[in-house]
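Working notes, beginning with the structure itself.
What follows is calculated from the coordinates using simple rules that are stated; it is not laboratory data. Quick caveat, the model's predicted, so the values are computed rather than measured. With ideal geometry, Cβ positions are generated from the backbone for all residues, glycine too; neighbour counts draw on all protein chains shown.
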Amino acid sequence: MAKTILPPGLSAADFSDALEAFRKIVGKDHVHTGDVLSSYVDPYSIENDPDAHSVPAAIAPGSAEQVQAIMQVANQYKVPLWPISCGKNHGYGGAAPRMAGTVVLDLNRMNRVLEVNEESGYALVEPGVSYFDLYRHLQEKGSKLWLDVPDPGWGSVLGNALERGIGYTPYGDHFMMQCGMEVVLPNGEVMRTGMGALPGNNTWQLFKYGFGPYVDGMFTQSNYGVVTKMGIWLMPEPPGYRPYMVSFQREEDLEQVVDILRPLKVNSVIQNAATIRSLLLVAGINSTKSQYYSGKGPIPDSAAKKIMADHDIGMWNFYGALYGPPPIMDTLWEIIRGAFSQVPGAKFYFPEDRKNANDVLKHRALTMKGIPRLTEYSFVNWVGGGGHIGFSPVSPIKGNEAMKQYTMVRDRMHQYGFDYMSVFAIGWRELHHVIELIFDRRDPETKKAAYECFTMLVNEAAAAGYGEYRTHIAFMDQIAKTYNWNNGAQLKFQELLKDALDPNGILAPGKQGIWPKRFRGK
């Protein structure tokens, strides 16, 4: 169990005084210490040091005004704070902070849906509103607006957009669908972005940019402010919806499939944020590794072929959906089916074609319709111990690049004894290659191998020109340093902003590799 590590530079007496000041702001029941802090650890930690991200306390404000007051106390005592929304960013560190001794600022109590505008298609939410919460709210109102959801629906709508997460409807780029923020800055001042800066405006959630420099992006994957309200655009219910799956039988099909996908996506024939899912990721929803292989190391080819036959899936499985009036869907499907029919052995399915009641297409059919779920998260049980971490490099939507990434990552993971499991998510012009490194979190040797494998993957991907778009807290510094064009000019600029906005370095030290001056290089 992790020991209590105080914030760097604070005596026990000063920290006790700071906690008392926080209690006066939020109430004693909302300042947490002791055993309850087990809620703020990384549930899938890849590190063997239990103290690497130790949390000495957590504060749970109930309003933006309380967040402002907390900032003022934190500046007075120089207490570092790590904001979380729902704390469900699993695979990337969960609720744990980057630096040991950082107090968690838990925004989960701020969970109000402040507005839903049916006519203009948006919601205004606080950080603690999960996808489940917003979905229930829409259902209770009888709304005809759809959410866009990631695979597990327990996370924060606001938090996922700030981490630039993705979903699977045509609104799949979550930050792109964000419009207007309220932000508490590190000095305690509150600001509104875009049109929200104009008193009495009526377009805060309608027009993203306002007047002057566009600053909303500064508050994504950063430590420049605490976002306490955010607008999110919602998708009007379409007149028709038709999910589908296409399976491909050979590993080498990936190159042709991706090259077919690019023009379909760029020309909006593929309407949603569709995905190509690997054999084992799909199989891991309904089975475990031990059912097919009890030996050490990755699954052998013979077991992979049996999995394909048992589950009626391919080495690669493409999940997409059609949206709109039936004649439009019919026309788009004719184009999509014709294009993928070029791949030898391609098989086409609609949900009614899948016999297993727990088939992945039936789950994807709900997810691509904006219905939040947790079902597909069961892949973490592929091996015993249930640990996982996401490795997420980005590339062009080009077949040769996809194959290069795939073989590079697969071979390195196999070298370290891990199975290759991934999703290729199709963006507007880019391919997100989200690899799930599954390991037994109970076994120190396996965790050590996973850590070494991940470190190697980061370096090799960067050397090949592939940068990660988000990462686990343990690797933030390493990945920030790979973005080093012109002697690290971007990171220098980020540090300059950090020092200007947060001179005491209280907000999320080390987030995305951005350290305040007082911790930099230490």
Over the Cα atoms of segment 76-159, compute the convex hull volume and normalise it per residue, giving Å³.
103 Å³
Provide, for q = 0.11, 0.14, 0.16 Å⁻¹, the log10 of I(q)/I(0) from a solvent-free Debye sum over equal Cα point scatterers in segment 104-263.
-0.51, -0.76, -0.93
Given backbone amide H placed at 1.01 Å from N, residues whose amide H is under 5 Å from that of residue 269, ignoring those fewer than 5 places away on the same chain, are none
For residue 217, what is the net charge nearby, where nearby means another residue's Cβ is under 11 Å from its Cβ and Lys, Arg count +1, Asp, Glu -1?
+1
Computed lengthening from residue 500 to residue 14, 0.36 nm per intervening residue step minus Cα-Cα distance:
172.4 nm
For segment 27-43, in order, what is each residue's ³J(HN,Hα) by Karplus, 6.51 cos²θ - 1.76 cosθ + 1.60 with θ = phi - 60°, in whole Hz (x at glycine and Pro)?
x, 5, 6, 10, 10, 9, 9, x, 4, 5, 5, 4, 6, 10, 9, 6, x
Within the under-9-Å Cβ sphere about residue 151, not counting residue 151, Lys/Arg +1 and Asp/Glu -1 give a net charge of 0
Under the classification rounded if a/c is under 1.5, otherwise prolate if a/b is larger than b/c and oblate if not, where does segment 152-223 fall, given a ≥ b ≥ c as square roots of the Cα gyration tensor eigenvalues?
oblate
Computed over the chain: relative contact order in percent, which uses C-alpha pairs under 8 Å that are six or more apart
16 percent
Over all Cα pairs of segment 12-109, how is the pair count split among 5 Å bins, expressed in % and running from 0 up to the last occupied bin?
3, 14, 25, 26, 18, 9, 5, 0
Which value in Å does the Kirkwood hydrodynamic radius of segment 241-475 take, with 1/r averaged over all unlike C-alpha pairs and then inverted?
18.3 Å
Might you report the magnitude of the Cβ-based charge dipole of the chain about its Cα centre, with Lys and Arg at +1 and Asp and Glu at -1, to the nearest 20 debye?
200 debye
Figure the gain on full extension for residue 362 and residue 328 (residue separation times 0.36 nm, minus the Cα-Cα span) and round it to one decimal in nm.
10.0 nm
Residue-wise HN-Hα coupling along segment 179-191, computed from phi with Karplus coefficients 6.51, -1.76, 1.60 (Hz; x: Gly, Pro):
8, x, 10, 10, 10, 8, 7, x, 8, x, 6, 10, 9
With axes computed from alpha carbons, what is the tilt in degrees of helix 326-340 against the longest principal axis of the chain, rounded to the nearest 10 within 0 to 90?
70 degrees
Note: residue 463 to residue 33 extended length (0.36 nm per residue) minus current alpha-carbon separation gives 150.5 nm
Calculate the FRET efficiency for residue 290 and residue 415 from the Cβ-Cβ distance with a Förster distance of 22 Å, rounded to the nearest 0.05.
0.50
Taking 7 Å along the Cα-to-C-beta vector as the label spot, tell me the residue 337-residue 252 distance in nanometres, rounded to one decimal.
2.9 nm
Over what distance in Å are the Cα centres of segment 243-288 and segment 31-80 separated?
40 Å
Hydrodynamic radius of the chain per Kirkwood, over alpha carbon pairs, in Å:
24.0 Å
Let me understand segment 262-319 better: what is its radius of gyration from the alpha carbons, and its Dmax, in angstrom?
14.7, 46
Give me the one-decimal nm value for the distance between modelled label points at residue 209 and residue 477, 7 Å along each residue's Cα-to-Cβ direction.
3.9 nm
HN-Hα J couplings of segment 139-151 from phi, Karplus 6.51/-1.76/1.60, θ = phi - 60°, integer Hz, Gly and Pro as x?
5, 5, 7, x, 5, 9, 9, 9, 7, 10, 10, x, 4
Going by amide H atoms built from the backbone, whose H comes under 5 Å of the H on residue 373, apart from near neighbours?
153
